[in-house]
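Working notes for the structure below.
The values are calculated or read from the model by the stated rules, or taken from the named source; none is laboratory data. Note that the coordinates shown come from a computational prediction; the quantities given were computed from them, not determined experimentally. Cβ atoms come from the backbone with ideal geometry, glycine included; neighbour counts cover every protein chain shown. Ligands, DNA and RNA are excluded from the accessible area calculation, which covers all protein heavy atoms including side chains. Shrake-Rupley method; radii C 1.70, N 1.55, O 1.52, S 1.80 Å.
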Amino acid sequence: MRHCSSNFFYLAIIGLFALFIGSTIHIFWQKIFQSLLSKELTLRNNSRIFNIWKGSNEISMNMDFYFFNWTNPEELKLPGKKPNLIQVGPYSFIHKTEKVNIIFHPENNTVSYDTRKFWYFNPSKSNGTLNDKIFHLNVVAVTAANKVRYWSSFYQSSLSYLLNKLSEIHVVKTVDELLFKGYDDSIINMGKMAMGNVDNMPPYDKFGWFYLRNGSTLFEGNFNMATGEDDIKNIGKAKNWNYKNKTSYYKLPCNAVEGSTGEFWPPGRDNNDISIFSADLCRSVTYEYTGKTINHGIEGNKYEMGDKTLANHTLRHYTHEKTKYFDKITTTEDFFNVEHSIINIKNNNINNSLNYDTIDMGKCFCNGECSPLGLINVTACRYGAPGFISLPHFHKGDPVLRQQVNGLQPNDKDHSFYITLEPNTGIPLDVAARLQVNILLQPSNTIDLFKNVPKIYLPIMWFDLRGGTTDNLASSLRQILWLNKIGIYGSTILASIGGLMLIIIGVMQYLKSRQINDQNTRKLNMIQGNVQTEKVYMEIVAKNDENQRNDCQLYSKN
Ligand SMILES: *[C@@H]1O[C@H](CO)[C@@H](O)[C@H](O)[C@H]1NC(C)=O
Ligand SMILES: *[C@@H]1O[C@H](CO)[C@@H](O)[C@H](O)[C@H]1NC(C)=O
Ligand SMILES: *[C@@H]1O[C@H](CO)[C@@H](O)[C@H](O)[C@H]1NC(C)=O
Ligand SMILES: *[C@@H]1O[C@H](CO)[C@@H](O)[C@H](O)[C@H]1NC(C)=O
Ligand SMILES: *[C@@H]1O[C@H](CO)[C@@H](O)[C@H](O)[C@H]1NC(C)=O
Ligand SMILES: *[C@@H]1O[C@H](CO)[C@@H](O)[C@H](O)[C@H]1NC(C)=O
């Protein structure tokens with residue numbers, strides 16, 4: 001009893017300390033966590049993340065190919081008949097990626113690299129063999145016809161003659177030939193001979209969708225990417241592609257090299273859309289935030305490809321400053337005039353409202369002619385092959401597209417294109433890149449082979465590239481997230497305990513002082529009545545003890 005007050009004092013100090021430390025940690029935790037994370041995540045020579053990215057064997061993805069077997073090509077020109085497509089596959093491959101020619105540029109916090117991709121056939125996950133025969137559109141003939149569309153009649157009639165002699169509207173090839181092995185086609189060789197080395201001619205001697213791609217660095221292009229060394233918010237941003245910050249395939253501003261390269265995402269994700277620069281599509285695409293999902297027991301933000309990428313009229317705001325820059329180059333472009341309007345957006349952070357210009361991105365991606373909802377025109381970046389990329393089975397596309405053929409059944413589970421990011425760290429939990437290749441068939445007056453064909457976006461094949469966190473990575477990630485939670489909740493609990501202690505001590509002191517007052521009053525009465533209890537005696541002693549510690553007097557007893 002004697003040191004009751006000093007005990008309270010120590011407890012109060014501890015409480016105060018806990019409150020202080022707890023709230024300080026709480027306030028700074030996010031900052032501490034982010035800076036620890038930035039240290040871990042920044043791309044530096046020989047960091048763990050660097051080695052994973054560079055292409056250790058820790059990460060491999062799965063790439064499934066599906067073909068549409070075109071079972072009635074002979075009926076193409078018959079009125080009222082639609083192409084019958086039967087999906088075959090999957091032909092499953094293990095897909096690995098490695099980075100080569102890596103050069104760090106500390107002066108501007110970027111890294112430059114080439115990408116080399118490998119595919120290994122995985123029979124156990126496949127439904128079929130690489131020798132399966134597929135009835136496939138004669139893409140070489142379609143491409144040739146498309147290329148000469150605006151050339152002189154001499155070229156057109158020569159090609160018409162050649163195609164009549166040498167080609168049919170379809171080919172029958174094995175899966176292997178259509179993907180990696182490639183097949184000879186006399187039109188390719190003749191084209192090469194006729195044209196010499198004109199640029200914009202494909203550098204191929206064979207045709208195959210992934211011909212020459214296995215193990216090659218020539219297809220992804222050279223990227224210059226931010227490392228996040230200056231600010232972790234920049235990590236993974238594509239700065240240059242093939243040494244330029246613009247592509248030659250679209251008009252400004254659709255030709256900007258922007259968005260992530262798709263491998264790194266800064267920590268601290270919110271619900272804003274994200275974008276990726278895709279070398280395959282030669283442009284950046286937007287993923288729209290669609291909600292939260294759980295993966296490996298970890299909550300993530302899901303972002304999906306939708307109308308902002310697939311529609312032909314997406315509006316986007318640019319600051320005045322930027323559009324002034326577009327103006328010089330694109331004054332005469334119709335896309336700019338059509339949707340050029342000024343809107344004022346009230347920005348709470350800045351006193352003045354900023355002026356934005358609204359640009360119709362659809363117009364500059366259309367390259368003149370627009371296509372229906374759901375198609376991305378990649379003709380310009382595929383050597384003039386009239387290629388159009390969509391989601392598999394024209395998922396999210398204009399229903400007109402799938403009504404042109406038999407055999408398509410889109411569903412969101414199998415055919416959506418998304419990425420799920422753990423929001424605190426920005427680490428991808430689940431990635432599904434699924435794209436379908438379509439070729440635009442259209443009637444031609446000059447090329448006999450294509451006389452009277454209907455205008456159809458004919459689905460050819462699609463692939464499903466799946467990846468994400470491995471079980472190992474997921475459990476480390478869960479630990480990191482636990483650490484974060486412990487930091488947040490631990491500091492909250494600490495601060496609360498400290499606060500609670502102070503309150504309890506305060507209340508107890510208050511009660512005590514009242515009790516002592518009561519007791520003193522009673523004591524006097526009792527002394528007067530000669531009834532002494534030990535308790536009262538001790539109280540008296542305590543009160544008169546000269547050795548009593550000074551600090552006890554902080555709590556006045558009277
Ligand atoms: C594709 O269709 C053709 C003709 O109907 C058939 O002979 C062939 O076996 C089919 N291919 C596959 C892989 O099912
Ligand atoms: C395998 O392919 C055949 C036809 O090509 C199809 O009928 C079957 O459903 C496929 N099986 C799986 C598991 O996909
Ligand atoms: C790709 O190249 C690797 C290594 O050169 C080889 O092992 C693999 O079989 C090739 N894949 C295909 C589909 O040709
Ligand atoms: C950074 O510097 C390197 C080397 O000078 C250069 O190749 C690269 O284009 C630069 N990147 C940016 C974004 O300026
Ligand atoms: C696709 O792009 C090419 C080349 O940029 C262009 O000539 C063509 O008109 C476009 N086609 C459609 C249907 O959008
Ligand atoms: C844009 O897409 C819509 C929806 O598919 C379609 O109706 C419209 O014709 C397209 N616009 C142009 C200019 O093709």
Can you tell me which of (1) farther than 26 Å from VAL405 by Cβ; (2) part of a strand (DSSP E or B); (3) touching a residue at least 12 places away in the same chain (Cβ under 8 Å) is the one SER38 doesn't meet? (2)
I want to confirm something. Restricting to the stretch 55-109 and keeping residues that are under 28 Å from THR174 (Cβ atoms) and of a type in the set (Lys, Arg), which single residue is modelled with the lowest pLDDT? LYS77
Within the stretch 300-318, can one find any residue that is closer than 28 Å to LEU473 by Cα and not in a strand (DSSP E or B)? no
Restricting the stretch 124-173 to residues that are aliphatic (A, V, I, L, M) and assigned to a loop (DSSP other than H, G, I, E, B), which is surrounded by the most Cβ atoms within 10 Å (Cβ to Cβ)? VAL148
Pick from the stretch 376-387 the residues that are out of contact with any Pro (no Cβ under 7 Å at 6 or more places or on another chain) and open to solvent by 10 Å² or more (accessible area, probe 1.4 Å): which of them is nearest to ligand 4 (Cβ to nearest atom)? CYS381
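Conditions (1) in contact with a Ser or Thr (Cβ under 7 Å, 6 or more places away or on another chain); (2) away from ligand 1 (no atom under 16 Å from the Cβ); (3) open to solvent by 20 Å² or more (accessible area, probe 1.4 Å); (4) not hydroxyl-bearing (Ser, Thr, Tyr), marked per residue:
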| position | (1), (2), (3), (4) |
| --- | --- |
| THR227 | yes, yes, no, no |
| ASN240 | no, yes, yes, yes |
| ASN255 | yes, yes, no, yes |
| THR261 | no, yes, yes, no |
Answer yes if at least one residue in the stretch 73-92 is more than 16 Å from ligand 2 (Cβ to nearest atom), of a type outside the set (A, V, I, L, M) and in contact with a His (Cβ under 6 Å, 6 or more places away or on another chain), and no otherwise. yes
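Results for (1) more than 22 Å from GLN87 (Cα to Cα); (2) in contact with a helix residue (DSSP H, G or I) (Cβ under 8 Å, 6 or more places away or on another chain); (3) more than 16 Å from ligand 1 (Cβ to nearest atom), shown as yes or no for each residue.
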position	(1), (2), (3)
GLU369	yes, no, yes
PRO372	yes, yes, yes
LEU375	no, yes, yes
VAL378	yes, no, yes
ARG382	yes, no, yes
GLY387	no, yes, yes
LYS413	no, no, yes
ILE419	yes, no, yes
GLY426	yes, yes, yes
Residue ID - least open to solvent (accessible area, probe 1.4 Å), chosen from residues in the stretch 395-411 that are away from ligand 1 (no atom under 16 Å from the Cβ) and touching a Phe, Trp or Tyr at 6+ places or on another chain (Cβ under 8 Å): LEU401
Would you point out which residue out of SER23, SER6 is outside any loop (DSSP other than H, G, I, E, B), open to solvent by less than 40 Å² (accessible area, probe 1.4 Å), polar (S, T, N, Q) and out of contact with any Phe, Trp or Tyr (no Cβ under 9 Å at 6 or more places or on another chain)? SER6
Need pairs with beta-carbon distance below 6 Å; first residue outside the structural domain of ASP132 (by TED's automatic domain parsing) and within the stretch 164-179, second open to solvent by 40 Å² or more (accessible area, probe 1.4 Å); sequence gap 6+ or separate chains. none
Examine the stretch 487-496 for a residue that is part of a strand (DSSP E or B) and open to solvent by 50 Å² or more (accessible area, probe 1.4 Å), and state whether such a residue exists. no
Can you tell me which residue within the stretch 105-140, out of those that are of a type in the set (Ser, Thr, Tyr) and over 30 Å from ASP230 (Cα atoms), is farthest from ligand 2 (Cβ to nearest atom)? TYR120
Picking from ASN517, ASN484, ASN472, which residue would you name as being open to solvent by 80 Å² or more (accessible area, probe 1.4 Å) and polar (S, T, N, Q)? ASN472
Restricting the stretch 361-375 to residues that are modelled with pLDDT of 90 or more and surrounded by fewer than 22 Cβ atoms within 10 Å (Cβ to Cβ), the residue that is farthest from ligand 4 (Cβ to nearest atom): PRO372
Conditions first: (1) over 21 Å from LEU449 (Cα atoms); (2) away from ligand 4 (no atom under 16 Å from the Cβ); (3) among the acidic types (Asp, Glu). GLU107 passes all but one, so which condition is the exception? (2)
Looking at PHE50, is it within 30 Å of PHE135 (Cα to Cα) and of a type outside the set (A, V, I, L, M)? no
Any chance the stretch 16-28 includes a residue that's more than 34 Å from the chain's Cα centre (by Cα), in contact (Cβ under 8 Å) with a residue 24 or more places away in the chain, away from ligand 2 (no atom under 16 Å from the Cβ) and within 30 Å of THR129 (Cα to Cα)? no
Just to check your reading of the model, which residue among VAL111, VAL100, VAL88 is in a strand (DSSP E or B), more than 26 Å from ASP464 (Cα to Cα) and open to solvent by less than 40 Å² (accessible area, probe 1.4 Å)? VAL111
Condition check for PRO410: in a loop (DSSP other than H, G, I, E, B) and over 14 Å from the mean Cα position of the chain (by Cα): yes
So, first residue part of a strand (DSSP E or B) in the stretch 371-393, second residue away from ligand 6 (no atom under 16 Å from the Cβ) and of a type in the set (Asp, Glu), Cβ within less than 9 Å, six or more apart or across chains; the pairs are ILE389/ASP280
Go through (1) within 30 Å of GLY468 (Cα to Cα); (2) modelled with pLDDT of 80 or more; (3) not assigned by TED's automatic domain parsing to the domain that holds ARG402 one by one and return the number of the condition LEU16 breaks. (1)
